[in-house]
Amino acid sequence: MIDDECGRQLPALTVFSLSIRYMKEDLEKTCENQVVGLKPDDIHWVLTVPAIWNDSAKQFMRMAAEQAGISTDKLSVALEPEAASLYCRHLPVMCDGESSLLTFQTGKKYLVLDAGGGTIDITVHEVCAGGNLKEIHRASGGDWGGTKIDGSFMNFLGHIAGNTAMQRFKDENMEDFIELLRDFEIKKRNIDSVSKTKVTIKVPSSLFDLVQEKLHSSGYENQVNLTGTGNKVRLDADLMRSFFTTTLTQIITHTSDLLEKPDCVGVEAILMVGGFSESKLLQEIVKMMFSQLKIIVPPEAGLAVLKGAVIYGHCPTAITERISKYTYGVATSVKFNEKIHPSSKRLVLDDGSIICEDVFDIIVKEGDRLVVGVAHKERSYKPIDESQKTIEFPVFISRDRNANFVTDLGCKHVGTLAIPLAGRGTDRSVTVRMLFGGTEIIVECVEQATSRIRRLKIDFLT
Ligand SMILES: Nc1ncnc2c1ncn2[C@@H]1O[C@H](COP(=O)(O)OP(=O)(O)OP(=O)(O)O)[C@@H](O)[C@H]1O
Ligand SMILES: [Mg+2]
């Protein structure tokens with residue numbers, strides 16, 4: 001469930017799928033007038049998601065797209081910083097003259113900072129031979145996007161006018177509230193780190209009267225002026241900049257921590273993409289804090305993800321390697337060995353055999369290199385029961401590279417892999433290969449009796 005501005009709830013799936021449907025239909029309408037004879041099947045859709053999203057969030061987006069009328073075989077999921085990186089690699093000269101070309105030579109490493117409205121998404125890429133890209137440090141970031149600044153501004157108004165009054169203003173004057181946000185958005189885009197000019201924002205009269213009444217005792221009386229004609233609030237440039245402080249600090253702190261990591265040694269440039277990267281304030285602070293690096297902001301930084309997603313759709317293999325965000329594995333049991341297994345995990349089965357349960361059978365470890373198209377661990381399994389219709393594996397993740405048991409602290413059950421079995425008997429062996437390198441995990445199962453290959457997905461939502 002997600003809340004609207006007024007706290008009313010709707011299922012997220014409905015909101016997401018209607019948003020996707022709106023854009024899908026809008027594109028189809030546009031194409032109708034421009035491309036003769038275009039059939040729905042001619043379109044392959046690419047849905048972009050932040051690289052820091054987990055598997056269940058990606059599956060959720062796929063579900064939303066399907067509900068919006070996009071068939072699953074006509075849909076790819078692209079990771080946003082990757083798309084942006086691909087876009088910039090295709091336009092090196094446009095980015096910043098000849099010198100940017102050097103950034104994209106084989107062996108060069110750079111950090112992609114995708115600063116959007118909701119999330120800051122950071123990945124580190126290396127250019128491989130042939131111009132493909134590989135991720136060399138797992139994606140990281142947080143919810144420190146551009147809308148946090150709007151939030152600080154609203155908190156500031158709430159501080160003056162009172163939070164209850166602010167909520168009432170929203171509830172009763174939604175259009176005015178949106179108008180206020182719109183005006184703030186324009187002013188937010190113009191602020192830089194040196195300007196002394198006061199920032200004027202038009203505040204709807206219902207709120208202005210409250211601000212006027214309470215400003216003198218708010219603690220902001222020296223930084224804010226009011227002009228009664230036209231209900232304008234004039235803010236000191238420093239006050240306007242203060243709305244950015246927390247967000248900028250979080251971005252800078254996180255980026256510096258990341259650049260200290262051993263994998264990131266040799267990073268020469270920061271590629272700034274996403275709408276928030278167009279902010280002069282963000283650009284200036286990044287340039288100042290990382291003066292030893294080359295800072296590249298492509299033209300239309302806010303569209304880099306979108307345009308890169310189109311390139312990705314045409315050439316998904318342009319990203320050749322990724323880094324595992326987690327340690328992934330399945331829960332299993334093994335023969336009990338008293339030298340290594342704790343007695344708490346000992347279990348005697350009906351047939352008298354002694355097993356150790358809850359073992360975290362690791363498939364890939366956090367930080368492992370995942371090559372696209374290469375399977376990690378191939379294993380064969382047999383059903384225990386003659387009439388069994390599926391073999392089910394609970395899938396677990398952990399941040400610990402050496403997790404032992406699925407009950408360890410930090411291990412989390414995230415999904416289920418269900419392998420369907422045909423026929424009867426306990427001799428129906430299946431071989432399972434898991435491919436982790438793509439933007440979504442793929443499982444291939446081979447029925448040994450028939451050599452039939454099936455492609456499955458892990459269910460991360462139930
Ligand atoms: N010149 C600018 N100065 C400051 N902020 C800006 C500027 N241009 C755009 N923004 C901010 O960038 C954000 C939108 O960026 P973008 O379109 O990349 O987000 P998104 O991709 O939709 O969100 P996310 O990546 O979080 O899912 C908004 O918060 C907007 O206010
Ligand atoms: Mg984005």
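Suppose the filter is crowded, with 18+ Cβ neighbours inside 10 Å, assigned to a helix (DSSP H, G or I) and more than 16 Å from ligand 2 (Cβ to nearest atom); does Leu258 pass it? Considered against the rule, which asks whether it is crowded, with 18+ Cβ neighbours inside 10 Å, assigned to a helix (DSSP H, G or I) and more than 16 Å from ligand 2 (Cβ to nearest atom), Leu258 comes out as yes. Out of the residues in the range 118-161 that are acidic (Asp, Glu) and closer than 20 Å to His90 by Cα, state the one that is farthest from ligand 2 (Cβ to nearest atom). Across the range 118-161, the extreme among qualifying residues is Glu126.
If you check Ile160 against the conditions, is it closer than 22 Å to Val286 by Cα and buried (at least 21 other Cβ atoms within 10 Å of the Cβ)? When the stated conditions are applied, Ile160 does not pass them. Determine which single condition Arg234 fails, assuming it passes every other condition in (1) assigned to a strand (DSSP E or B); (2) within 26 Å of Ala115 (Cβ to Cβ). Result: Arg234 fails condition (2) only. Scan the range 186-199 and tell me whether some residue there is β-branched (Val, Ile, Thr), assigned to a loop (DSSP other than H, G, I, E, B) and loosely packed, with under 15 Cβ neighbours inside 10 Å. Checking the range 186-199: at least one residue is β-branched (Val, Ile, Thr), assigned to a loop (DSSP other than H, G, I, E, B) and loosely packed, with under 15 Cβ neighbours inside 10 Å.
Determine which member of the set Leu226, Leu235 is more than 37 Å from the chain's Cα centre (by Cα) and among the hydrophobic types (A, V, I, L, M, F, W, C). When all the criteria are applied, what remains is Leu226. Yes or no: the range 36-52 includes at least one residue that is over 18 Å from the mean Cα position of the chain (by Cα), of a type outside the set (Val, Ile, Thr) and farther than 18 Å from Gly313 by Cβ. Yes, the range 36-52 contains at least one residue that is over 18 Å from the mean Cα position of the chain (by Cα), of a type outside the set (Val, Ile, Thr) and farther than 18 Å from Gly313 by Cβ. Apart from one condition, Ile362 fits all of (1) within 28 Å of the chain's Cα centre (by Cα); (2) over 15 Å from Ser333 (Cα atoms); the exception is (2). Selection of the range 132-173 for residues being in a helix (DSSP H, G or I) and either within 16 Å of ligand 1 (Cβ to nearest atom) or polar (S, T, N, Q) (or both) yields Thr147, Lys148, Ile149, Asp150, Gly151, Ser152, Phe153, Met154, Asn155, Asn163, Thr164, Gln167. Restricting attention to the range 439-457, the residues being under 21 Å from Arg428 (Cα atoms) and in contact with a strand residue (DSSP E or B) (Cβ under 8 Å, 6 or more places away or on another chain) number 12. Considering every residue within the range 240-251, establish whether at least one is β-branched (Val, Ile, Thr), touching a His at 6+ places or on another chain (Cβ under 8 Å) and either surrounded by fewer than 21 Cβ atoms within 10 Å (Cβ to Cβ) or over 19 Å from Asp150 (Cβ atoms) (or both). No, that holds for no residue. Are any of the residues in the range 229-237 touching a Gly at 6+ places or on another chain (Cβ under 7 Å) and away from ligand 1 (no atom under 16 Å from the Cβ)? The answer is no, given that none of the residues of the range 229-237 is touching a Gly at 6+ places or on another chain (Cβ under 7 Å) and away from ligand 1 (no atom under 16 Å from the Cβ). Among (1) away from ligand 1 (no atom under 16 Å from the Cβ); (2) free of Cβ contacts under 8 Å to residues at least 24 places away in the same chain, which single condition is Glu268 missing? Only one criterion in (1) away from ligand 1 (no atom under 16 Å from the Cβ); (2) free of Cβ contacts under 8 Å to residues at least 24 places away in the same chain is unmet by Glu268, namely (2).
Residues in the range 48-89 that are crowded, with 18+ Cβ neighbours inside 10 Å, within 16 Å of ligand 2 (Cβ to nearest atom) and aliphatic (A, V, I, L, M): Val49, Ala51, Ile52, Met61, Val77, Ala78, Leu79, Ala83, Ala84, Leu86. If the condition is being within 12 Å of ligand 2 (Cβ to nearest atom) and surrounded by fewer than 19 Cβ atoms within 10 Å (Cβ to Cβ), then the range 279-304 contributes Gly302, Leu303. Any residue at all in the range 99-109 that is within 16 Å of ligand 1 (Cβ to nearest atom) and more than 16 Å from Cys315 (Cα to Cα)? Within the range 99-109, none of the residues are within 16 Å of ligand 1 (Cβ to nearest atom) and more than 16 Å from Cys315 (Cα to Cα).
Read-outs: derived from the displayed coordinates by stated rules, not from any lab. As the structure is a computational prediction, the values presented were derived from the model and not from experiment. Reconstructed Cβ throughout: ideal geometry from the backbone, glycine too, with neighbour counts over all protein chains shown.
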